[in-house]
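What follows is one structure encoded as C-alpha cells, with my remarks underneath.
The values are calculated or read from the model by the stated rules, or taken from the named source; none is laboratory data. This structure is a prediction, so every number in the text was calculated from the model and none was measured. Cβ coordinates were reconstructed from backbone atoms using ideal geometry, including for glycine residues, and neighbour counts include every protein chain displayed. Remember, those area values only see protein heavy atoms, side chains included, never the ligands or the DNA or RNA. Shrake-Rupley method; radii C 1.70, N 1.55, O 1.52, S 1.80 Å.
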Amino acid sequence: MFSPIYHNGYIYYIDLVTNYQLHRYNMSTGEDVTLTKERVDMFNVAGNMIYYQSDSSSATPALKRMTTDGEDMEVVSEGIYCDINITSNYVYFHSYDSKYPTYHTPLYGSVMVSVFNP
C-alpha cells in the first residue's frame, strides 16, 4: 500500500504491484476493490469523492474525479497537477511545474476550474 488514506471504514491506496492502480480496502470485510485501471500518481479523498492525477507519463494526463465506489469518473482538468488539497467546499491544486497559480473547483457539482485568488 502506497499513500494510504483512511476514510469512512475504508483504506484507499495506490497499489504498486498492479501498476499504481487506485484501490479501496474494506476494513470490516477485507474486500479489496480496484477503483481505476489507470496508473495514478496521487490522490485525495473527501466526502464521497476521490480526486486523482492520472498517469503523468501518458499521452493524456489529467486531474480527474470519481465517487468513492469508483463510479462517475470525469476529467477536472487536462495536464499534470499536484498538491491536491480538499476543504469542505473546494479542491485546490496547481500545475506540477509551477506552484502558481493555484486553481480550485467545487468539491461537488459541476466542474468549474478557476484561478484561486485569496
Charge dipole (the chain, unit charges on Cβ, about Cα centre) - positive-most of Y12, L107, T67: L107
Residues of the chain: accessible area per residue with a 1.4 Å probe, Å²: 56
Simple Cβ-charge dipole of the chain, Lys/Arg +1 and Asp/Glu -1, about Cα centre, in debye nearest 20: 220
Projected label distance in nm at S57 and M73, using a 7 Å step from Cα toward the beta-carbon: 1.8
Accessible-area composition of the chain, carbon plus sulfur, in percent [1.4 Å probe]: 50
Most to least packed among 24-35, 40-51 [average Cβ atoms within 10 Å]: 40-51, 24-35
Scattering curve values for the range 1-64, log₁₀ I(q)/I(0), Debye with Cα scatterers, q = 0.17, 0.20, 0.23 Å⁻¹: -0.54, -0.73, -0.94
Segment S95-N19, length gained on full extension (0.36 nm per residue, minus Cα span): 25.0 nm
Using a Förster distance of 30 Å, the FRET efficiency for M27-V115 (Cβ separation, nearest 0.05): 0.20
